[in-house]
Amino acid sequence: MGDLTPKQQAFVTEYLIDLNATQAAIRAGYSAKDADVQGSRLLGNVRVADAVALGMKQRTERTLINADWVLKRLAIEAEADMAELYDKEGNLKSIHEWPLIWRQGLVAGVETVRERSSGGDEEVSFVDKIKVSDRIKRLELIGRHVGVQAFKDKVEVDVTDDLAAVLNAARNRTINANRT
């Protein structure tokens, strides 16, 4: 990375934060007015692209977070059993008793609602509402990673060979028509 200008190096450092070329260009000192163009141009520069690739590789080695880690984590989260949050009587366990995977982001929120009975005996009932993070999104991410076609937003079709043949035939027809 030593053959980059200081501004290019700053761009690489900033780009590795959030992988947003426009914002990285702005933070690196390029004009906000044309930061989108500058960011794209910088990513097209072979030396900058190599520095970004090296930085990403070093980050993966340092954090040990790679595609395998992400896929394993998503699979664990997708298979987590909500029953693990409750005791045998159906009461919500203390957060400290929850399995770690639930405490690390599967639960987006817990709300306890206290309701008093309409009678005069001051009886209070509790209702615990648990908001679970989006499991369908996890399944979709797993599906995209392992190539399950059910989650594809668009279908990619390679017509290069067919298109080349059609263009070649049309060219030949034009050449032959001009000869006559």
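The values are calculated or read from the model by the stated rules, or taken from the named source; none is laboratory data. Note that the structure is predicted; figures quoted are calculated from it, not measured. As a convention, Cβ positions derive from the backbone with ideal geometry for all residues, glycine included, and neighbour counts pool all protein chains shown.
Some points to look at:
- Restricting attention to region 31-53, the residues that are of a type outside the set (A, V, I, L, M) and in contact with a Leu (Cβ under 8 Å, 6 or more places away or on another chain) add up to 1.
- Of the candidates Glu14, Glu79, the single residue that is of a type in the set (Asp, Glu) and surrounded by fewer than 11 Cβ atoms within 10 Å (Cβ to Cβ) is Glu79.
- Test result for Thr60, modelled with pLDDT under 90, on the phi < 0 side of the Ramachandran plot and of a type in the set (Val, Ile, Thr): yes
- Some residue of region 80-102 being more than 16 Å from Lys131 (Cβ to Cβ) and part of a strand (DSSP E or B): no
- Restricting region 59-75 to residues that are assigned to a helix (DSSP H, G or I) and in contact with a helix residue (DSSP H, G or I) (Cβ under 6 Å, 6 or more places away or on another chain), the residue that is surrounded by the most Cβ atoms within 10 Å (Cβ to Cβ) is Leu74.
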